[in-house]
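This report refers to the structure that appears directly beneath it.
The values are calculated or read from the model by the stated rules, or taken from the named source; none is laboratory data. Remember, predicted model here, so these are calculated numbers, not experimental data. Here Cβ is always computed from backbone atoms with ideal geometry, including for glycine, and neighbour counts include all displayed protein chains.
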């Protein structure tokens, strides 16, 4: 019975119980209509918010910090995760009520892309096939939406929203996400391009390590409870330049830089070319881990250049906060002095800075 018909016929009804029933039915229809209007209003609002990000120059972290908050708030889900494929693995940007809805991100190196063409609602009996993207075991519904690079026609990631209630995501919500995913893909691609440009500005053009500017900015942002720094330079580097030319010297720098990048990759460390043949490594680990990494790098460098007939080794100084010093700004000084004093004793060694 439609609303217009109810209004038209109520004046002819004398039975109070029938009238009460009709009023209840009318209230139910009004409630359903209000819910649909609020749902549509929420969807249009989400689209409007995403469109506002279209012209912004921002990072993926800042972009998805905002978008995950918007999506969780409007759709009332338990968790919202946005995955972007990177060289280091799938980068996950997430909010989850089990974690206080606090935004955070991490790289999931062993995770594969969920390859889909369109948004899909995953029901309770199918969820077991998507355990990698779930926040908990009590998920009742899952909505997955692909993100694309439309210029290259490749999938760059996906959005996964989760709710504990079964059949939570309506057909309208699934259809809406097919539309909204296009806009999110565009703003995500803009953010990726922006990060690439910013990354180029922070990289040394020869070695592809970070440069001095990046180092200065990083020191201001370090907030880890513990981290270590190593300063190393190349032994006999001048000999190579003088006897084999600067082109060969550049090749040596590039090779050792790549070896250093490989050595710290699994620890999420940074390698910085501080100047000339002097480099800095920063790890969010204690001094023992840094010592292990630098010893590994020292051995690999010596082994490689022995094979190619060049007298190149590295000597490094290592310091750690708060093991070596409780003043973070002094960490470079301690590591650098350990390197300088150590080389006076013997090269091709790892020296631990003293308190």
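Candidates are the residues of region 89-117 that are touching a residue at least 40 places away in the same chain (Cβ under 8 Å) and outside any strand (DSSP E or B); the one that is surrounded by the fewest Cβ atoms within 10 Å (Cβ to Cβ) is 115.
Of the residues contained in region 118-138, one or more are found to be within 23 Å of the chain's Cα centre (by Cα), surrounded by 14 or more Cβ atoms within 10 Å (Cβ to Cβ) and modelled with pLDDT of 90 or more.
Examine region 283-290 for a residue that is buried (at least 19 other Cβ atoms within 10 Å of the Cβ), without any contact (Cβ under 8 Å) to a residue 40 or more places away in the chain and over 21 Å from residue 240 (Cα atoms), and state whether such a residue exists. No; the residues of region 283-290 include none that is buried (at least 19 other Cβ atoms within 10 Å of the Cβ), without any contact (Cβ under 8 Å) to a residue 40 or more places away in the chain and over 21 Å from residue 240 (Cα atoms). Checking each residue in region 178-209 for being part of a loop (DSSP other than H, G, I, E, B) and free of Cβ contacts under 8 Å to residues at least 12 places away in the same chain picks out only 205. Residue 161 meets each of the listed conditions (1) over 14 Å from residue 83 (Cα atoms); (2) in contact with a strand residue (DSSP E or B) (Cβ under 8 Å, 6 or more places away or on another chain) apart from (1).
Taking residues in region 328-343 that are in the same structural domain as residue 234 (by TED's automatic domain parsing) and free of Cβ contacts under 8 Å to residues at least 40 places away in the same chain, and partners anywhere that are surrounded by fewer than 18 Cβ atoms within 10 Å (Cβ to Cβ) and not in a helix (DSSP H, G or I), the pairs with Cβ atoms closer than 7 Å and at least 6 places apart or on different chains are 334/325.
Counting only residues that are more than 20 Å from the chain's Cα centre (by Cα), closer than 17 Å to residue 63 by Cβ and crowded, with 18+ Cβ neighbours inside 10 Å, region 178-205 holds 1 of them.
Taken over region 211-227, the residue count meeting the criterion of being modelled with pLDDT under 95 and either touching a helix residue (DSSP H, G or I) at 6+ places or on another chain (Cβ under 8 Å) or surrounded by 15 or more Cβ atoms within 10 Å (Cβ to Cβ) (or both) is 7. One residue stands out among those in region 129-150 that are touching a helix residue (DSSP H, G or I) at 6+ places or on another chain (Cβ under 8 Å) and in a loop (DSSP other than H, G, I, E, B): the one that is nearest to residue 185 (Cα to Cα), which is 150.
Quick one: which residue in 326, 278, 302 is within 12 Å of residue 233 (Cβ to Cβ) and surrounded by fewer than 18 Cβ atoms within 10 Å (Cβ to Cβ)? Reasoning before the result, please.
Values: 326 fails: within 12 Å of residue 233 (Cβ to Cβ); 302 fails: within 12 Å of residue 233 (Cβ to Cβ).
Result of the check over 326, 278, 302: 278.
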